[in-house]
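Q: Dropping the structure in here first, questions after.
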Amino acid sequence: MKSDTKKGAIGVFDSGYGGLTILDEIRKRLPEYDYLYLGDNARAPYGSRSFDVVYNFTLQAVKYLFDSGCRLVILACNTASAKALRTIQQKDLPVIDPKRRVLGVIRPTVELLGQLTKNGHIGVLGTPGTIQSESYPMEIRKMYPDFHSYGQACPMWVPLIENQEGNGEGADYFVKKYIDALFSQCADIDTVILGCTHYPLLYDKIMKYMPKGVNVIRQGAIIAESLEDYLHRHQDIDGKCSRNGTCKYLTTESAEKFKSTASVFLEECEDVKQIILI
């Protein structure tokens, strides 16, 4: 582990490419900081993997980012946040370095619900792993005991996006299918969380089939605002984050493949390095 006296970039981790939508919003809101993005693209997707596998893979990534100088790591991945965050925070951080922090995307998203819903009926669209984890229902019950939540797994959405088929006509079938399945559970849902960082790229199609008047939550701006607030409230962590306005990318896939697919999510993505996580 590197010396704790040096400042480091803010680490952003995702199992694949969806976290780039979070990173993009964070950089727009907090452009002065340095960022180090790590995508475990060679082993993605995490959505259908077991808790133990997601936890182990996520811990490997967090350790790599820590060893690269990061003092703060954002799990910009709902599956990793659902299946690994709590264990890493409670079990691993006290051993690795209690002064470092790992944050997720679920809690900041749920916090916003009280401002949006009128009837307390919340829908969650996510990967099979995120839905099966029940992380959103648990967090919602903790914050809003009177709310009701309904989850729907959307296993085809991420492959459609990463294969650049999200704008094609074939995507309409699967977008409508999962939205209809969600609302078949409860027709009174008035707020829907897009519980995967890929899903904003399907936003136009999602809105095409979403019942009128339903609030649809995209996480990027929410996480960016939450991070800004967190850094303001935790000056000790903020003071350990370097500020040169840089952004570098790490991938477990080839750098060229990462650049090609990342172009779907970002306008520019140049400084890319391939790594191995163990």
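The values are calculated or read from the model by the stated rules, or taken from the named source; none is laboratory data. The shown structure was predicted, so the numbers you read here are calculated from the model rather than taken from an experiment. Note that each Cβ is placed from the backbone with ideal geometry, even for glycine, and that neighbours are counted across all protein chains shown. Just so you know, the surface numbers come from the protein's heavy atoms only, side chains and all, with ligands and any DNA or RNA stripped out. Shrake-Rupley method; radii C 1.70, N 1.55, O 1.52, S 1.80 Å.
Q: Only residues that are over 14 Å from Ile275 (Cβ atoms) and open to solvent by less than 10 Å² (accessible area, probe 1.4 Å): list them for the stretch 48-65, please.
A: The answer is Val54, Thr58.
Q: Report the residue count in the stretch 67-91 for those that are of a type outside the set (A, V, I, L, M, F, W, C), crowded, with 22+ Cβ neighbours inside 10 Å and not in a loop (DSSP other than H, G, I, E, B).
A: The qualifying residues number 4.
Q: Here is a further query. Assigned to a helix (DSSP H, G or I) and basic (Lys, Arg): does that describe Lys212?
A: In short, no.
Q: Any idea which residue in the stretch 217-268 is least open to solvent (accessible area, probe 1.4 Å), counting only those that are within 26 Å of Asn163 (Cβ to Cβ) and without any contact (Cβ under 8 Å) to a residue 24 or more places away in the chain?
A: Step by step, filter the stretch 217-268, then rank; the result is Ala255.
Q: Looking at the stretch 121-168, which of its residues are over 21 Å from Asp14 (Cα atoms), among the hydrophobic types (A, V, I, L, M, F, W, C) and either touching a helix residue (DSSP H, G or I) at 6+ places or on another chain (Cβ under 8 Å) or buried (at least 17 other Cβ atoms within 10 Å of the Cβ) (or both)?
A: Across the stretch 121-168, the qualifying residues are Ile122, Ile140, Met143, Phe147.
Q: Quick check: is even one residue across the stretch 115-126 assigned to a loop (DSSP other than H, G, I, E, B) and hydrophobic (A, V, I, L, M, F, W, C)?
A: no
Q: Another question, if that's okay. If you go through the stretch 169-202, how many residues are touching a Leu at 6+ places or on another chain (Cβ under 8 Å), open to solvent by 10 Å² or more (accessible area, probe 1.4 Å) and among the small types (Gly, Ala, Ser)?
A: Residues that pass the stated criteria total 1.
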